[in-house]
Amino acid sequence: MAYPVSVVARSELDPFEKPMSESLPLRVAIGGDHAGFPLKKMIVERFGDQVNAMIDCGAHSEASCDYPDFAVAVAKEILEGRADKGIMVCGSGVGVSVAANKIHGIRASICHDTYSAHQGVEHDDMNVLCIGGRIIGSELAFEIVQTFLGAQYEPEDRHARRLAKVLEIEKNGI
């Protein structure tokens, strides 16, 4: 199944705010199930013009559907190089996080606060943000997404050492 890619230029800028597309050439894949659809739709509308591409992997309505399908779709966009980061939304954020973390190469985490959103990227190289559409409101979600998209991995020795151990676990299991 092909997913639509939206590339939109920001037309109106706050004079003090640098758009993300000027600082980071982000391509973002977003997906979620029926419970996450309303918040996912708001995130696409809010951030679609602040990134180079917003790849909407569905769901496209509130009709009942299964979150693992969208976790796979978002992960595929990242792993095949069409997206730099991913955002997943379901009712609690738990289901999409569990499903996404089963996929080799994906480091997903539930973040319902801005600290976790940037720390997860900076220290753990998190590449998928998971949020609960029934847990947080849209304004907090927007702050969390903004923070996640603006964060970059900091490959300090301690972070790199820990990430290498995580990747070893991913490769070999326990």
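Select from segment 99-115 the residues that are farther than 19 Å from E80 by Cβ and either buried (at least 24 other Cβ atoms within 10 Å of the Cβ) or in contact with a strand residue (DSSP E or B) (Cβ under 7 Å, 6 or more places away or on another chain) (or both) and list them in ascending order.
Going residue by residue through segment 99-115, those that are farther than 19 Å from E80 by Cβ are 109-115.
Across segment 99-115, the qualifying residues are S109, I110, C111, H112.
Would you mention how many residues in segment 94-130 are touching a residue at least 40 places away in the same chain (Cβ under 8 Å) and not in a loop (DSSP other than H, G, I, E, B)?
Number satisfying all stated conditions: 6.
Which of (1) out of contact with any His (no Cβ under 7 Å at 6 or more places or on another chain); (2) surrounded by fewer than 17 Cβ atoms within 10 Å (Cβ to Cβ); (3) not in a helix (DSSP H, G or I) does E62 not meet, given it meets every other one?
Failing condition for E62: (1).
When you scan segment 135-161, how many residues do you find that are within 14 Å of Q50 (Cα to Cα) and of a type in the set (D, E, K, R)? Steps first, please.
Initial filter on segment 135-161 (within 14 Å of Q50 (Cα to Cα)): 142-143, 145-150.
Filter once more, so that each one left must be of a type in the set (D, E, K, R): 143.
Total meeting the criteria: 1.
Do we have any residue at all in segment 120-134 that's under 22 Å from N52 (Cα atoms) and over 13 Å from the mean Cα position of the chain (by Cα)?
Yes; the residues of segment 120-134 include at least one that is under 22 Å from N52 (Cα atoms) and over 13 Å from the mean Cα position of the chain (by Cα).
Readers should treat all values here as calculations from the given coordinates under stated rules, not as data from a laboratory. Predicted model, so just to flag it, every value in this text is computed and none were measured. Cβ coordinates were reconstructed from backbone atoms using ideal geometry, including for glycine residues, and neighbour counts include every protein chain displayed.
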